[in-house]
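Student: Pasting a structure below so you can have a look.
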Amino acid sequence: MTRYLLLIYLIIGFITKTYSQDVKFFGDFVPGSLVFGKAENVKDVWLDKEKIQVDGSGNFVFGFDRDDKGSFLLKIKFANGRVYLKKINLPERNYQIQRIERMNPDKVVPPSKDNEKIVKEREIIRNARKSIGKIDTAYYSSGFIKPVKTNRQTSVFGSQRILNGIPKNAHNGLDYGAPTGTPVYAMADGIVFLSGTDFFYNGTFVYLDHGQGLNSFYLHFSKLDVKDGEFVKKGQKIGEIGTSGRSTGPHLHWGVQWFNKRVDPALLLKINF
Ligand SMILES: [Zn+2]
């Protein structure tokens, strides 16, 4: 009898061990964070009702928006029919309130003469973003770097901005202040899915697609070093810091999203695959 119990114990232990080792996660399960997963023999992955892309090596990614709340169910189906379930309960996250005075009033409430330009540029960006999610390859799988060689953060992710006393959208990126001409590097391998010059808000900028819905953007450049459709390597120079567009001084606005979910770039720098 003891032998059988021992055997059962060993089998359960073996199954549990194999089971739990099957999925590795990198990243925090909090609002405004990306979570990277890696598993072998994955058939498909679902976050609630949404099917998530997985590459041939079992890499996948998903993210929680700054304002996401509540619980999510992650479901991984393996090739042998097994199913892994993980319930995710997002904790609350508090963000800073940031007041900026002396902003050029034209940039806070755009003058109507710029409306046409703003609408046109918004359309260009919306159209370009339609390509996000068409790359199954996890170009990001070699990891991430900080896109500028300074630690001078001038504005953190998620802060609620009040410009000249007018509440605006939350800050959807991380700002680094550095002199005009400072090189800006790609945070990971990816494809330039849009770049532009002197847009009303973005100024001169680059958007990168890192595969599986993960995308990043770099705004307010003084100089652009890449072209649309170009493949860039992690650490490759893509432009130079400037103050073009809606900006009060030379800085990089670095944004990261999973599809349209806004995530905190600072959390990405803690990821070690
Ligand atoms: Zn910014």
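Student: Can you work out which of the residues in segment 82-128 that are of a type in the set (D, E, K, R) and closer than 30 Å to GLU40 by Cα is farthest from the chain's Cα centre (by Cα)?
Tutor: Ranking the candidates gives ARG82 first.
Student: Same structure again: Listed residues ASN202, ASN164, ASN169; which is within 14 Å of the ligand (Cβ to nearest atom) and surrounded by fewer than 21 Cβ atoms within 10 Å (Cβ to Cβ)? Break it down stepwise before answering.
Tutor: Working: ASN202 fails: surrounded by fewer than 21 Cβ atoms within 10 Å (Cβ to Cβ); ASN164 fails: within 14 Å of the ligand (Cβ to nearest atom).
Every option except ASN169 fails the conditions.
Student: Only one residue in GLY239, GLY211, GLY249 is out of contact with any Asp or Glu (no Cβ under 6 Å at 6 or more places or on another chain), buried (at least 17 other Cβ atoms within 10 Å of the Cβ) and at pLDDT 95 or above, so which one is that?
Tutor: The match here is GLY211.
Student: If you go through segment 10-46 one residue at a time, how many are at pLDDT 90 or above and under 20 Å from ILE88 (Cα atoms)?
Tutor: Qualifying residue count for the region: 21.
Student: For ILE241, which of the numbered conditions (1) assigned to a strand (DSSP E or B); (2) away from the ligand (no atom under 16 Å from the Cβ); (3) among the aliphatic types (A, V, I, L, M) fails to hold?
Tutor: (2)
Quick grid of which residues meet (1) more than 16 Å from the ligand (Cβ to nearest atom); (2) crowded, with 23+ Cβ neighbours inside 10 Å; (3) at pLDDT 95 or above:
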| residue | (1), (2), (3) |
| --- | --- |
| GLY181 | yes, no, yes |
| MET187 | no, yes, yes |
| SER195 | yes, yes, yes |
| ASP198 | yes, no, yes |
| LYS227 | yes, no, yes |
| GLU230 | yes, no, yes |
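Student: Consider segment 194-238. How many of its residues are at positive phi and either in a strand (DSSP E or B) or of a type in the set (Ser, Thr, Tyr) (or both)?
Tutor: Matching residues across segment 194-238 total 3.
Student: Determine which single condition TYR95 fails, assuming it passes every other condition in (1) of a type in the set (Phe, Trp, Tyr); (2) closer than 19 Å to GLY211 by Cβ; (3) touching a residue at least 60 places away in the same chain (Cβ under 8 Å).
Tutor: If we test TYR95 against (1) of a type in the set (Phe, Trp, Tyr); (2) closer than 19 Å to GLY211 by Cβ; (3) touching a residue at least 60 places away in the same chain (Cβ under 8 Å), just (2) comes out false.
Student: Look at PHE273 and say whether it is closer than 15 Å to PHE193 by Cα, away from the ligand (no atom under 13 Å from the Cβ), in contact with a helix residue (DSSP H, G or I) (Cβ under 9 Å, 6 or more places away or on another chain) and among the aromatic types (Phe, Trp, Tyr).
Tutor: Numbers: closer than 15 Å to PHE193 by Cα: no; away from the ligand (no atom under 13 Å from the Cβ): yes; in contact with a helix residue (DSSP H, G or I) (Cβ under 9 Å, 6 or more places away or on another chain): yes; among the aromatic types (Phe, Trp, Tyr): yes.
Taking the combined requirement at face value, the residue does not satisfy it.
Student: Let me ask something else about it. Mind listing whichever residues of segment 68-91 are part of a loop (DSSP other than H, G, I, E, B) and at pLDDT 95 or above?
Tutor: Once the filter is applied, which keeps residues that are part of a loop (DSSP other than H, G, I, E, B) and at pLDDT 95 or above, segment 68-91 yields ASP68, LYS69, GLY70, LEU90, PRO91.
Student: Cβ contacts < 6 Å: first residue on the phi < 0 side of the Ramachandran plot and in the same structural domain as ASN260 (by TED's automatic domain parsing), restricted to segment 169-182; second residue more than 13 Å from the ligand (Cβ to nearest atom) and among the β-branched types (Val, Ile, Thr), any location; separation 6+ or different chain. Result?
Tutor: TYR176/THR150; ALA178/THR150
The values are calculated or read from the model by the stated rules, or taken from the named source; none is laboratory data. In this text, all values refer to a predicted model and were calculated from it rather than measured experimentally. Methodologically, a virtual Cβ is constructed for each residue, glycine included, from the backbone with ideal geometry; neighbour enumeration extends over all protein chains shown.
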